[in-house]
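What follows is a short report on a single structure.
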Amino acid sequence: MLPILVICVLLPLAASVFLRMVLDSTQDGQEPPPVDLPMPFIGPIIRMWWMGFDYYRKHRQFPIYTIRLPGIRLYVVNSTSLISAVQHHPRTLSFSPILARVAATLIGASDAGCEVLGDDAENGFIRRFHDFNHSSLSTGPGLEVIRTRFWNLVTSSHSRQFLESPGFTGMYQWISHEVMLATSESMYGAQNPFRDSATRAAWQFVEPPLPP
C-alpha cells in the first residue's frame with residue numbers, strides 16, 4: 001500500500017518537473033510570461049475547462065501573458081495600449097484560428113465562412129484584410145477618396161432627410177442612420193450590403209445591445 005501511495009505522490013511531481021523543464025527550454029525570453037507554472041501544458045486545459053471565462057479574469061492583472069498548450073501558444077492581451085501593437089503584426093502572430101472560433105460561436109458563421117476566416121496562408125483573409133485596410137486607410141489618395149465620398153453623401157442626404165420625412169425624426173436615429181449609410185457606402189461602394197432595407201433592419205436589431 002505504501003509503495004502505491006509513494007508512486008501516486010511522486011508521479012505527478014515528476015510530471016510537473018518534466019513539463020516545467022520542457023517549458024523553460026522552449027519559452028523564448030522575449031515572449032510574454034507564461035502562467036500556470038506548477039503544471040504547464042496540462043494545468044491550463046484543466047483550469048479552462050473547470051473555470052470557463054473566469055480563468056482569463058483570474059489573470060487580468062497581467063498586461064499580456066502566454067498560455068502554453070500542447071503544440072500551441074496562446075497570447076492573451078489585457079492592456080488596451082498593447083492591442084494596437086499586436087494587431088500590427090499579422091504575419092508574426094496568427095489570429096485566424098481564434099477568429100474562426102469566435103465567428104462560429106458568436107455569430108453562427110457557416111463552416112465555409114469559418115474555413116475562409118481560418119485560412120492562415122499568405123493569401124488568406126486576415127492577411128489580405130490587413131493589407132487592404134493599411135493601404136486604403138493610410139494617409140494618401142485612398143483615404144482622401146473615402147473621406148470625400150463620405151462627406152458628399154452626408155451633405156447630400158442632409159436636406160433629403162428633412163424633405164422626404166413627413167414628421168420629425170429623432171436626432172439620434174437620424175444621425176445613426178445617416179452615418180451608417182454614408183460610412184458603409186464610402187467603404188463598400190456598389191457592393192454596400194446596407195443598401196438592402198433588410199440588412200439595415202437587422203443592424204438596428206443588433207446594434208442597441210452593443211456597448212458604447
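The values are calculated or read from the model by the stated rules, or taken from the named source; none is laboratory data. Here the structure is a predicted model, which means the values were calculated and not measured. All Cβ positions, even for glycine, are placed from backbone atoms using ideal geometry, and neighbour counts span all protein chains on display.
Quick notes on this structure:
- Remark: pairs (first residue in the stretch 172-183, closer than 12 Å to Trp203 by Cβ and at pLDDT 75 or above; second residue among the basic types (Lys, Arg) and in a helix (DSSP H, G or I); Cβ separation under 9 Å; 6+ apart in sequence or on different chains) = His177/Arg200; Met180/Arg200; Leu181/Arg195; Leu181/Arg200.
- Tallying residues that are surrounded by fewer than 13 Cβ atoms within 10 Å (Cβ to Cβ) and at pLDDT 85 or above within the stretch 34-47 yields 1.
- When the helices (runs of 4 or more DSSP H) confined to the stretch 40-116 are screened for residues that are of a type in the set (D, E, K, R), those reaching at least 2 such residues are found at 54-58.
- Filtered residues of the stretch 48-101 (kept if surrounded by 14 or more Cβ atoms within 10 Å (Cβ to Cβ) and among the small types (Gly, Ala, Ser)): Ser94, Ser96, Ala100
- Count of residues meeting criterion [at pLDDT 75 or above, of a type outside the set (Lys, Arg), surrounded by 15 or more Cβ atoms within 10 Å (Cβ to Cβ) and farther than 30 Å from Leu99 by Cα] in the stretch 120-163: 1
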